[in-house]
Amino acid sequence: MEDLTPLANLQQIAENATRKPKKMSERQPLLQQSDASDYEGSGRSNALRPVSSSPPDSTLVNVQSEDSIAVHSGVADEESHDSSQGSGSDAGKSMYNPTNHRELEHPTSNFDTLVHLLKGNIGTGILAMPHAFKNAGLYVGLVGTLIMGAICTHCMHMLVKSSHELCRRLQLPALDFPGVACSSFDTGPLGLRRYSHLARRIVTIFLFITQIGFCCVYFLFVALNIKDVMDHYYVMNKYIYLLIMLVPMVLLNLVRNLKYLTPVSLIASVLTVAGLAITFSYLLHDLPDTSSVKPVASWATLPLYFGTAVYAFEGIGVVLPLENNMRTPQDFGGTTGVLNTGMVIVACLYTAVGFFGYLKYGDMVKGSITLNLPQDDILSQLVKISMAVAIFFSYTLQFYVPVNIVEPFVRDQFETRQAKELAATILRIVLVTFTFVLAACIPNLADIISLVGAVSSSALALIAPPIIEMITFYNVGYGRYNSLLWKDFAILAFGVCGFVFGTWASLSEIFNPSTI
């Protein structure tokens, strides 16, 4: 549920950042790096420290982080000659600070960015955490959620650090997620540069799948919560509620101007905060003993836990827009920066709701903890309705991303302005209807959340960042003992295993619930 301000302000930057970066030789990036560790600290200049003159056999180039790479310029006389002639332009590139070239109409403060980060990460996923704990066990879920939060947060840092490095290398003010993937390949090893556009397409496709998956979850969440309230008075099939929602959902998503959606975002935020607060009060009332639930679940259900947990933490899509839109982007990273502060809050909230929700309701916990609240209690009914309304309005914000990925391609197929507008309108109706159909085909909320998390969220949050970082810093070095490389391989292996086993377990649960 990210706020629209960063998206709106970055539209102009995104257009400038999409231009194709210049091809470089294997050695050129070495002369164009700067101290990437500036991202880790706050307050230091992003500019490269001056390189003192040295004899030709011991030229030292400070390229990234605390590691300095010794470049022996005596490899060839021709290289030395070319380097001396191009020293002026290389120095200019190494001194380039992308944050000084961002033209933002409404830059956000640190507090605004923190609020947007929280809104981008807290949604239906937090309400599904008790069910995730059911699939992991009370104590495995407790430790696993904190570890998952740490890994996902580190991957966000990796993505931002790679973006900074590539922006300095290519002299661009900002890059989006697909742009970072494309640029990393385009300036990486020679054998991978031909795949730069493929990398952009893959990331874009997974962003589209992720956001469409979120929309399906939102559709089903609203229908199930309204049904749970109405069943106390009059029982109807959940498909009827899905069908009733279709028309207003289509009409709401025909709104194309972002500024008209700002009040919707504000209403959704207020209702979400109120609903979570009241829900948590229910969870803390009359808690049973910890011995009443499983401390460790079976191995067969752990992949389902992975899918739900990574779905909940998958806010990596909003990280670059938020950082690119900050007034003081140097405050985004660092130990006590905006990103760490926000993700610590998110991880604590997820862990608390998951722990106490599973402890309260045990194996009877449902795909959304709101569905476990008493049906005959007026306050709990208000909570369900408020959360349903909040998620209903948030659907529009999630839908904005996939429709803007596909809409330019659809518009290009037509000549006249009237035809373009009609095609764009039909596209929005078709995409909303598509999410409705998917939600109707997978009526179990927990299963669809786990599937979306295992397939698309793991690809974006755990698989793409280590690949991007390994390729981005290929020409720079991986530190002592190649520690960065081994770390990235470990995260990549973890993400791939979660992707494979999580997808398999989710599909098995959907098509044959008795197998898990």
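Here are a few things to note about the model shown:
- Whole-number accessible area per residue in Å² for the stretch 230-343, which is evaluated in the context of all protein chains at 1.4 Å: 48 Å²
- Accessible surface area normalised per residue over the stretch 364-403 is 31 Å², counting heavy atoms of protein chains with a 1.4 Å rolling probe.
- Here the stretch 168-215 has 70 percent of its accessible surface on carbon and sulfur atoms, given a 1.4 Å probe and all protein chains in place.
- Taken about its Cα centre, the stretch 172-327 carries a charge dipole of about 640 debye when Lys and Arg each add +1 at the Cβ and Asp and Glu each add -1 at the Cβ.
- When the alpha carbon coordinates of the stretch 104-241 are projected onto the principal axes, the ranges are 64, 37, 37 Å, largest first.
- For the stretch 157-211, the solvent-accessible area with a 1.4 angstrom probe is 30 square angstrom per residue.
- Karplus-based coupling profile of the stretch 346-354, in residue order and whole Hz: 4, 4, 5, 5, 4, 5, 5, 5, x, with θ = phi - 60° in 6.51 cos²θ - 1.76 cosθ + 1.60 and x standing for Gly or Pro.
- The length gained on full extension between residue 444 and residue 105, counted as 0.36 nm times the residue separation minus their Cα-Cα distance, comes to 117.7 nm.
- Largest to smallest in accessible area, the residues 214, 501 fall in the order 501, 214 (1.4 Å probe, all protein chains included).
- Computed E for residue 497/residue 205 - FRET, C-beta separation, R0 25 angstrom, nearest 0.05: 0.70
- With a Förster radius of 51 Å applied to the beta-carbon distance between residue 267 and residue 481, the computed FRET efficiency rounds to 0.45.
- Each part reduced to its alpha carbon centroid, the stretch 226-279 and the stretch 428-465 end up 18 Å apart.
- Carbon and sulfur %, accessible surface of the stretch 288-390 computed with the full protein complex present, 1.4 Å: 67 percent
- Kirkwood radius, the stretch 443-504, all distinct C-alpha pairs, inverse of mean reciprocal distance: 12.6 Å.
The values are calculated or read from the model by the stated rules, or taken from the named source; none is laboratory data. Because the structure is a prediction, the values reported are computed rather than measured. Backbone-built Cβ (ideal geometry, glycine too); neighbour counts: all protein chains shown. Surface accessibility is based on the protein's heavy atoms, side chains included, excluding ligands, DNA and RNA. Shrake-Rupley method; radii C 1.70, N 1.55, O 1.52, S 1.80 Å.
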